[in-house]
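So the structure is just underneath, and the comments pick up after that.
Where a number appears in this text, it was derived from the coordinates with a stated rule and is not lab data. Bear in mind that the values here come from a model prediction, so they are computed numbers and not experimental data. Cβ placement follows ideal geometry from the backbone for every residue including glycine, while neighbour counts extend to all protein chains displayed.
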Amino acid sequence: MKAIPEKIISFIKKHHVLTLATSVKNEPYCANCFYVYLKEQNVFVFTSDLSTKHIQDTLINNYVAGSVVLETSVVGKIQGIQFNGYLIQPEEEMLKIANKAYMKKYPFAQLMKTQLWVLHLTFIKLTDNRLGFGKKLIWETSSNNSN
C-alpha cells in the first residue's frame, strides 16, 4: 500500500469530528461523528447507534464518503480532507484495538450504549491553502479509481 503523506495524517490527528456521507437509492444523507484515527490500520473509528439513518444506510451500501475540515473564514488558512471508504463493524482483534483507542480518547463513551464502527479509507484528498491556494495532496489505494 502506498504511504499516506504525513501532512494528511497530521491534519487528521489534529481534529476530532468527521462528516459521514451515505447514499441509498439516490438519497444522500450526512451525519457528524467524533472519531479516532488509527494510523497503522488507516481507519477512522467512531460510535453510532444501529438505529441511526446513516448506519441503516451503510447496512445497505457501506461505501461512504466524508470530510474533516478546519472551520475558518480566512481563505489562506482553509484546510480539509475529503475521503471515500467502506464502513464495517469491527470484530475480534480490530474490535479490541478500536475500542481501546476510542475509549482512551472519549472515556465518556463507556457510559453510552452504542456500537463501534470502523471506516477503512480508500481515498483521501487534502486541500491546504497554507501550502499555496488550492494545493491538494491525494492518496488512494491502488484498487480505487475515485477522483
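In square nanometres, what is one fourth of the surface area of the convex hull spanned by the alpha carbons of the chain?
On the way: hull surface 38.2 nm².
That works out to 9.5 nm², a quarter of the Cα hull's surface.
Mind checking segment 81-113 for GluC sites (Glu not before Pro) that DSSP puts in a loop (not H, G, I, E or B) and that have at most 15 other Cβ atoms within 10 Å?
Numbers: sites: Glu91, Glu92, Glu93; in loops: Glu91.
Sparse-neighbourhood loop GluC sites (Glu not before Pro): Glu91.
Which aspartates and glutamates have a Cα lying under 19 Å from the Cα of Lys135, excluding residues fewer than 8 positions away in the same chain?
Candidates past the 8-residue exclusion: Glu6, Glu71.
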